[in-house]
Amino acid sequence: MCMISLMQFDSTEQQPISDTLLKEQTIVQEEKFNKRLLDQYNCYIFLGALFKDNRTSEVEEFLENNVDKGIHDFEGLLSALGTNIKRPVHWTDMGGGYGLAQRQAFTYKQVGQKIETTNVDIFERKIADLSEKETEYLKNKFPGVLDPDNSPNFIQANVENVKLPIPADLLTSVEVVQYLDNPLKTISNWYNQLSPEGLMIVSAEHSWSDWILYEGAIFSGENSPLVPFFNQLEVNKIPFSFSQDCYLRNNPRQTSVERGFCNLVIKKVPETKIELLAKVKKVQTNFNKYKAVYYENISEVIEVTGAD
């Protein structure tokens, strides 16, 4: 567990969580699952590992090429990061609910001594609130997962504008991005708080990229502001990749922004920062309580500074 974060962290540095957001997300959270384990994180992000054949995805191949070969799940990713960094890996999970995924990671022998964890959420979920049935399942399935020492540090804040006390070597967000009022600004904020060569992985079950649009757009993927966003990353040589589903390694294909994607990974280039230039013009919520965010249509959506 990362003891440094809370010791050095002054919670007054965080922007207050608005009553509007709290009321809105209280309703959303009633229907949302906040008890995901690493098993579910793997199913979202490591798509190829779901099959027994030779399947992979763009995001998985990115991690293999940028971290270590043979990474097929979070256990492998965390272990490889710990080996490469040669100190405890600072892993921050945005909107991690009960923090069970991070707790589970501590139960893996090859990972437990290599990580320090922080969970950022607007609601503080307590293990004591789990049902007896859930508690017994977790104790039997993952011995030690509920030990207090395995609890992540907790920051109660809005993930859109949170200020991290320590740069994140790995920053994850699972099933959160679709509820944000300004996803591009949030992704930029997260990127800026990565450690040099840190990784950010943003994931949802559905194609969340379809809901990031230009003002006046009628169809999802139509002239998406993600196109110039990614163009600026490419121009400034910031590595990234995204994937919608998986494919056989001997028959690769590339996911396109227009097709949409579920998973995004970005690697921090030291000294670089991202500033969002485009303003949000409108936010609409659909029947699933997902948000469609419409940005002003300008040629440069973001500005990258500090790049060579």
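The values are calculated or read from the model by the stated rules, or taken from the named source; none is laboratory data. Being a predicted model, the structure only gives us computed values, none of them experimental. Cβ placement follows ideal geometry from the backbone for every residue including glycine, while neighbour counts extend to all protein chains displayed.
Of all residues in region 201-244, those that are under 17 Å from the mean Cα position of the chain (by Cα) and either in a loop (DSSP other than H, G, I, E, B) or at positive phi (or both) total 6. With the condition kept exactly as written, say whether any residue in region 240-256 is touching a Phe, Trp or Tyr at 6+ places or on another chain (Cβ under 7 Å) and either β-branched (Val, Ile, Thr) or farther than 15 Å from residue 45 by Cα (or both). Among the residues of region 240-256, at least one is touching a Phe, Trp or Tyr at 6+ places or on another chain (Cβ under 7 Å) and either β-branched (Val, Ile, Thr) or farther than 15 Å from residue 45 by Cα (or both), which makes the answer yes. Quick one: in region 256-285, of everything that is of a type in the set (Val, Ile, Thr) and surrounded by fewer than 16 Cβ atoms within 10 Å (Cβ to Cβ), which residue is farthest from residue 224 (Cα to Cα)? The residue in question is 285. In this structure, does residue 247 turn out to be among the hydroxyl-bearing types (Ser, Thr, Tyr) and modelled with pLDDT under 95? Yes: the conditions hold for residue 247. Within region 189-213, restricting attention to residues that are among the hydroxyl-bearing types (Ser, Thr, Tyr) and surrounded by 20 or more Cβ atoms within 10 Å (Cβ to Cβ), the residue that is nearest to residue 35 (Cα to Cα) is 203.
Among the residues of region 271-308, those that are under 22 Å from the mean Cα position of the chain (by Cα), under 25 Å from residue 31 (Cβ atoms) and among the hydrophobic types (A, V, I, L, M, F, W, C) comprise 280, 283, 292, 293. Screening residue 10 with (1) modelled with pLDDT under 85; (2) buried (at least 17 other Cβ atoms within 10 Å of the Cβ) gives one miss only, at (2). Within the option set 264, 233, being of a type in the set (A, V, I, L, M, F, W, C) and under 24 Å from residue 51 (Cα atoms) holds for one residue only, 264. Cβ-Cβ distances below 7 Å connect the following pairs, each with a first residue in region 283-308 that is at positive phi, a second residue that is part of a loop (DSSP other than H, G, I, E, B), and a separation of six or more residues or different chains: 306/271; 306/272.
Look at (1) over 21 Å from residue 77 (Cα atoms); (2) at pLDDT 95 or above; (3) surrounded by fewer than 16 Cβ atoms within 10 Å (Cβ to Cβ) and you find that residue 159 fails only one, number (3).
Please verify whether residue 269 is under 27 Å from residue 198 (Cβ atoms) and either of a type in the set (S, T, N, Q) or not in a loop (DSSP other than H, G, I, E, B) (or both), treating the condition exactly as stated.
Numbers: under 27 Å from residue 198 (Cβ atoms): yes; either of a type in the set (S, T, N, Q) or not in a loop (DSSP other than H, G, I, E, B) (or both): no.
In short, no.
Summed over region 82-97, residues that are buried (at least 24 other Cβ atoms within 10 Å of the Cβ) and more than 16 Å from residue 202 (Cα to Cα) total 2. Screening residue 253 on (1) touching a residue at least 12 places away in the same chain (Cβ under 8 Å); (2) touching a strand residue (DSSP E or B) at 6+ places or on another chain (Cβ under 6 Å); (3) not in a strand (DSSP E or B) shows it passes everything except condition (1).
So, of the residues in region 116-144 that are touching a Ser or Thr at 6+ places or on another chain (Cβ under 6 Å) and crowded, with 18+ Cβ neighbours inside 10 Å, which turns out to be farthest from residue 32 (Cα to Cα)?
142
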